[in-house]
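Reviewing the structure listed below.
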Amino acid sequence: MTGRRSLAGVRSLRWWSLLLVPGGFVAGHELGYAAASLLGATPVAAGHGYLVVVVLVGVPFACAAAIRAFLAGLRAEVPPVGWPALASAQVTLFVAVELAEHGAAGLGPAETLAQPAVLLGLVAQVGVAALLHLMVRSSHQAGAALASARRRRPTPLVRASWRSGRAASVAVIVPVSSLSRRGPPRRVIVPCP
């Protein structure tokens with residue numbers, strides 16, 4: 001039972017990297033709309049006043065996630081969630097917000113998803129999620145590298161000493177049979193006549 005509980009606890013530690021979703025959502029949203037306006041598409045006028053508040057929340061959350069990733073690497077904990085999980089969370093949030101925004105403007109879901117700003121925003125969400133994951137993964141690896149460097153102890157230097165060390169008295173046990181003066185048989189050379 002304790003093994004199961006600790007395994008679930010280890011798995012749940014990875015979800016802290018979803019703190020990147022608000023900041024990634026705003027970045028992908030802005031990139032999508034900017035790309036659509038560069039291509040000449042006019043996005044549907046929808047209320048985007050909430051984005052300032054999301055940025056004020058998203059930036060500290062992203063910094064907290066990067067710091068948490070560093071600490072997870074330092075403590076040899078599991079790395080952050082993969083970029084597909086992060087991208088799917090951002091895409092889901094982006095689609096939900098866009099459907100609500102465009103629904104308030106009188107557009108249906110099919111018309112909303114056909115908008116160039118929304119399509120480019122979806123692509124931007126995936127790209128931003130990959131970049132954020134790379135950032136957090138690098139932070140995790142930096143923490144792991146620091147922990148590894150801290151674990152490696154430098155080998156102590158052995159300095160030559162001109163002073164003799166203390167004489168150690170060692171008891172030597174010698175079998176009594178070896179104390180006899182008898183040695184191996186002598187070779188006798190007999191001259192041939």
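The values are calculated or read from the model by the stated rules, or taken from the named source; none is laboratory data. Computed from a predicted model, the values in this text were never measured in an experiment. With ideal geometry, Cβ positions are generated from the backbone for all residues, glycine too; neighbour counts draw on all protein chains shown. For the accessible areas, the whole protein counts, side chains as well, though only heavy atoms, and no ligand, DNA or RNA atoms are used. Shrake-Rupley method; radii C 1.70, N 1.55, O 1.52, S 1.80 Å.
Go through the range 43-149 and name the trypsin sites (Lys or Arg not before Pro) that are in a DSSP coil and have 15 or fewer other Cβ atoms within 10 Å of their Cβ.
Details: sites: Arg68, Arg75, Arg137; in loops: Arg75.
Those satisfying the criteria are Arg75.
Ignoring ligands, DNA and RNA, how do Leu122, Leu113 rank by accessible area with a 1.4 Å probe, largest first? Write down the numbers at each step before the final one.
Values: Leu122 45, Leu113 75 Å².
The ranking, largest first, comes out as Leu113, Leu122.
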Neighbour net charge for Leu119 - beta-carbon separation under 14 angstrom, K R +1, D E -1 = -2
